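Written below as structure tokens is the structure these notes are about.
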Amino acid sequence: MASAYNQSDGGRFGDTNIVGHEKCESYFLFRGETTLGEGFRTFLYFLGLAYCFIGLSAITARFFRSMENVVKQSRKVVEIDPYTNAEVIRYEKVWNYAIADISLLAFGTSFPQISLATIDAIQNIGNLYAGGMGPGTLVGSAAFDLFPIHAVCVVVPKAGELKKIADIGVWLVELFWSFWAYIWLYIILEVWTPNVITLWEALLTVLQYGLLLMHAYAQDKRWPYLSLPIPRTERPEEWVPGEVPSPTHENNVYGEENRNVVDIFSIHSNNGPVYQKVPVTDDAAESSNKHFHQEKDLHVLSLWKEQFVDALTLESLETRKLNSIHLRVARISWQLILAPWRLLFAFVPPYHFAHGWIAFIFSLLFISGIAYIVTKLTDVISCVTGINAYVIAFTALASGTSWPDLVASKIAAERQTTADSAIANITCSNSVNIYVGIGVPWLIDTAYNFFMYNEPLRIQNAAGLSFSLLVFFCTSIGCIAVLVLRRLTLKAELGGPRIWAWVTFVYFMLLWIIFVVLSSLRVSGII
């Protein structure tokens, strides 16, 4: 794809606006696109961007299911019964509760933004000026996570139902590192080396993600001197409690998966430690295990086949039962729109296989592919419309790529008995956005510039990005203050009386609108 703007001139991420921009000679697929009217081209590219976001929402369900199975994984520990001297097998969780939230949940749901920023950095490698799409998307995504996603999670619980954070100590640690991430970003942009990022600043940014993991683990284990002396209330053993199988499902394959997850991995679905006596003979044990694995493999292959059948099925049993022909046509039309994505994502192995790890990795690969297409479309949209790329990043890209965050937090707020994972996903995703999402791309570019040119990485619109950080910091204080107020008055962060839940919803959405408007006006040079 050719580009009409040179990044070193500031045309792509500088102070250009929609008035008086040059004719764009960039194209997405074919050079003939440049002969179309700019309005029509803009419509087509935004339509393509929206379709990519639909793809992200389609892969999110598979990604989230695979992540649940990863977290449910247990390991076998053989012990000796002190009373009978018999060998006893005990199964215990592999993943720590807090680490799973910070690493798998937060990192996985932030992967669209991380992929987009990394792809932008790789495309920009060798340029002394950093690309702005990645940082703009990640800062905008942080605002989307904190405000709209909190707003949705507050109203998701049933009327009158209260869900509070069980381990307030871990949340405070995560909140500290989330706020520090944006303070740190402001320091390296405006205080230490204004408008410049050095190799050591980028490296320190990435390393702080490891410090976050260690600090959260120390708090979860209540290590002396490294943790806050705050007791935790009861919390569920499972990261997300298992669903009660329903006799009706929208499609067969997901119904089959839900019905059989306990049968295949029943050992991982129990809340407490699971004990089982070692078989008397080794031959019996080997025969039993071999038979179990054969049945499991056949079942997984059957599910994988069903995924392709389901992807090509446009009308489900539930759709056929609808009395309204208009609703049936609407549902079939929607399934037709989703069909290409569903067929593509059917290649993701069922999440039962290898404890969900294969499906988890495949889902991330598909997300990276969609993120690559999104970066190309955004370049062309910015070129055709003349809209500053930061504005597109703050709004369309941040909202679209944060969809997995929204879905994950919403599901956790609905199904988990506490608010820990729903809110931890938000605060941890914001930390991951900076430490990994911005840190890794900047590390790639600064390392290349350091070893090839002995030069740092320059930030073209550092002032605009720093202004957005200040606005975000101020509005986020208002958001956290309301959560604390709800904790003190309603005894819970999520749910409660419907009137207060919706008042909180509106307040959080207003904070997000304030951030988007002020940030967009600043990077466009209007204020």
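The values are calculated or read from the model by the stated rules, or taken from the named source; none is laboratory data. Just so it is clear, the model here is predicted, and its values are computed rather than measured. Cβ placement follows ideal geometry from the backbone for every residue including glycine, while neighbour counts extend to all protein chains displayed. Note: areas computed on protein heavy atoms with side chains; ligands, DNA, RNA excluded. Shrake-Rupley method; radii C 1.70, N 1.55, O 1.52, S 1.80 Å.
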On the protein heavy atoms, probe 1.4 angstrom, tell me the percent of accessible surface of segment 37-145 carried by carbon and sulfur.
64 percent
Return the FRET efficiency for the residue pair Asn323, Asn454: r is the Cβ-Cβ distance, R0 is 60 Å, and the value is rounded to the nearest 0.05.
0.25
Simple label model, 7 Å out from Cα along Cβ direction - Arg498 to Trp334, nm
2.2 nm
What are the semi-axes of the equivalent ellipsoid for segment 83-173, taken as the square roots of 5 times the Cα gyration tensor eigenvalues, largest first, in whole Å?
38, 25, 10
Asp81-Trp200 FRET efficiency (beta carbon distance; Förster radius 60 Å; 0.05 resolution)
0.65
Computed over segment 52-134, protein heavy atoms only, probe 1.4 angstrom, the accessible area per residue in square angstrom equals 34 Å²
State in Å² the accessible area per residue of segment 401-459; use a 1.4 Å probe, count heavy atoms of protein chains only, and round to the nearest integer.
28 Å²
Residue span Ile527 to Thr34: 0.36 nm per residue of separation minus Cα-Cα distance leaves a gain in nm of 174.2 nm
Spacing of the two label points (7 Å from each Cα toward its C-beta) at Ser57 and Val191, in nm
4.1 nm
Where does the Debye-calculated log10 I(q)/I(0) of segment 462-527 sit at q = 0.11, 0.16, 0.18, 0.24 Å⁻¹, using only Cα point scatterers of equal weight, no solvent?
-0.34, -0.60, -0.69, -0.95
If you stretched the chain out fully between Ile373 and Glu25, how much longer would it get, using 0.36 nm times the residue separation minus the C-alpha to C-alpha distance?
123.4 nm
Karplus ³J(HN,Hα) for segment 472-481 (6.51 cos²θ - 1.76 cosθ + 1.60, θ = phi - 60°; Hz, whole; x = Gly/Pro) runs 4, 4, 5, 5, 5, 4, x, 5, 5, 4
Per-residue HN-Hα couplings for segment 489-496 [Karplus 6.51, -1.76, 1.60; θ = phi - 60°; Hz; x = Gly/Pro]
9, 9, 6, 6, 7, 10, x, x
At 7 Å along the Cα-to-beta-carbon direction for both Lys491 and Leu365, put a label point, then send me their distance in nm to one decimal.
5.0 nm
Can you list residues whose amide H is under 5 Å from Val88's amide H, if they're 5+ apart or on another chain and H is modeled 1.01 Å from N?
Glu79, Ile80, Asp81
Just to make sure I understand: if all protein chains stay in place, what is the order of Glu87, Glu455 by accessible area at 1.4 Å, largest first?
Glu87, Glu455
